[in-house]
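Q: Sharing a structure with you now.
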Amino acid sequence: MSSKPIHLLLFGRNPKIGTLLTPSLHPKYTFTQLTTTSAIAFELRTNAAAYQGLVLGGGLDAESREGAKSVVKEVAPRLVVVEMPERAVMVWGLEKLGEKTRALLDGVFLEGRL
C-alpha cells in the first residue's frame, strides 16, 4: 500500500465528528468535513480530483444522503460513496466510533468491499 493518505470528503452535520475521528483515521485517511449538500456540490465541482471518496455521516436524513449521492453521480462519478450506519454515534458509541469507522473504510478502500 502507498504511504500517501486516502483523502475523503466527510458529509456530517456535527462539526465535532471530524475531531472525534481524526485520531483513529490519521495518517491513513485524511478528510475535509462539510455540512451541507450545496457545499459538497461546490467542493466537487471545483476540486473533485483531490478526493477518493465521500463518507456520508450517520446523522444525515434520507434527503441529504440522496442529494449527496446524486451530486457525486453527476459531478464526480469515480468517487466511492461510503455510508455510515444510521445514527452511528448512538449505535457504536463515541469510544468505538473511530475504530468502527476505520474498519468500514479499510473494508472499502483496502479490501475492495462495498
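The values are calculated or read from the model by the stated rules, or taken from the named source; none is laboratory data. The shown structure was predicted, so the numbers you read here are calculated from the model rather than taken from an experiment. Here the Cβ is made from the backbone with ideal geometry for all residues, glycine too, and neighbour counts use every protein chain on show. These area figures cover heavy atoms from the full protein model, side chains too; ligands, DNA and RNA do not enter into them. Shrake-Rupley method; radii C 1.70, N 1.55, O 1.52, S 1.80 Å.
Q: Go through Thr30, Thr46 for me and flag whichever is β-branched (Val, Ile, Thr) and under 25 Å from Gly98 (Cβ atoms).
A: None of the others qualify; the one that does is Thr30.
Q: Kindly indicate whether any position in the stretch 90-106 is open to solvent by less than 40 Å² (accessible area, probe 1.4 Å), closer than 19 Å to Ile17 by Cα and acidic (Asp, Glu).
A: Yes, because at least one residue in the stretch 90-106 is open to solvent by less than 40 Å² (accessible area, probe 1.4 Å), closer than 19 Å to Ile17 by Cα and acidic (Asp, Glu).
Q: Quickly run through the stretch 42-61 and pick out the residues that are part of a helix (DSSP H, G or I) and either among the aromatic types (Phe, Trp, Tyr) or within 29 Å of Val91 (Cα to Cα) (or both).
A: Correct list: Phe42 only.
Q: On to the next question. Given (1) in contact with a helix residue (DSSP H, G or I) (Cβ under 7 Å, 6 or more places away or on another chain); (2) among the small types (Gly, Ala, Ser); (3) surrounded by fewer than 18 Cβ atoms within 10 Å (Cβ to Cβ), where does Gly112 come up short, assuming only one miss?
A: All conditions are met except number (1).
Q: Where residues in the stretch 1-19 are touching a Gly at 6+ places or on another chain (Cβ under 9 Å) and open to solvent by 60 Å² or more (accessible area, probe 1.4 Å), which of them is farthest from Leu56 (Cα to Cα)?
A: For the stretch 1-19, the residue satisfying everything is Asn14.
Q: Against the condition touching a strand residue (DSSP E or B) at 6+ places or on another chain (Cβ under 8 Å) and either closer than 24 Å to Lys16 by Cβ or among the hydrophobic types (A, V, I, L, M, F, W, C) (or both), how does Gly53 come out, does it pass?
A: For Gly53, the condition - touching a strand residue (DSSP E or B) at 6+ places or on another chain (Cβ under 8 Å) and either closer than 24 Å to Lys16 by Cβ or among the hydrophobic types (A, V, I, L, M, F, W, C) (or both) - is met.
Q: Right, next: Just need a number here: residues in the stretch 73-96 that are assigned to a helix (DSSP H, G or I) and more than 13 Å from the chain's Cα centre (by Cα).
A: Matching residues across the stretch 73-96 total 10.
Q: Would you point out which residue out of Ser70, Ser64, Ser38 is in a helix (DSSP H, G or I), crowded, with 18+ Cβ neighbours inside 10 Å, among the hydroxyl-bearing types (Ser, Thr, Tyr) and at negative phi?
A: Result of the check over Ser70, Ser64, Ser38: Ser64.
Q: For the condition open to solvent by less than 50 Å² (accessible area, probe 1.4 Å), at pLDDT below 95 and either under 26 Å from Gly112 (Cβ atoms) or not polar (S, T, N, Q) (or both), what is the one hit in Thr32, Thr22?
A: Only one candidate qualifies: Thr32.
Q: Sticking with this structure for a sec: Please indicate, with yes or no, whether at least one residue in the stretch 81-88 is among the β-branched types (Val, Ile, Thr) and either closer than 17 Å to Ile6 by Cα or open to solvent by less than 50 Å² (accessible area, probe 1.4 Å) (or both).
A: Checking the stretch 81-88: at least one residue is among the β-branched types (Val, Ile, Thr) and either closer than 17 Å to Ile6 by Cα or open to solvent by less than 50 Å² (accessible area, probe 1.4 Å) (or both).
Q: Gly59 versus (1) free of Cβ contacts under 8 Å to residues at least 60 places away in the same chain; (2) buried (at least 19 other Cβ atoms within 10 Å of the Cβ): which is the lone unmet condition?
A: Exception for Gly59: condition (2).
Q: Does Ala76 satisfy being open to solvent by less than 70 Å² (accessible area, probe 1.4 Å) and touching a Ser or Thr at 6+ places or on another chain (Cβ under 8 Å)?
A: no
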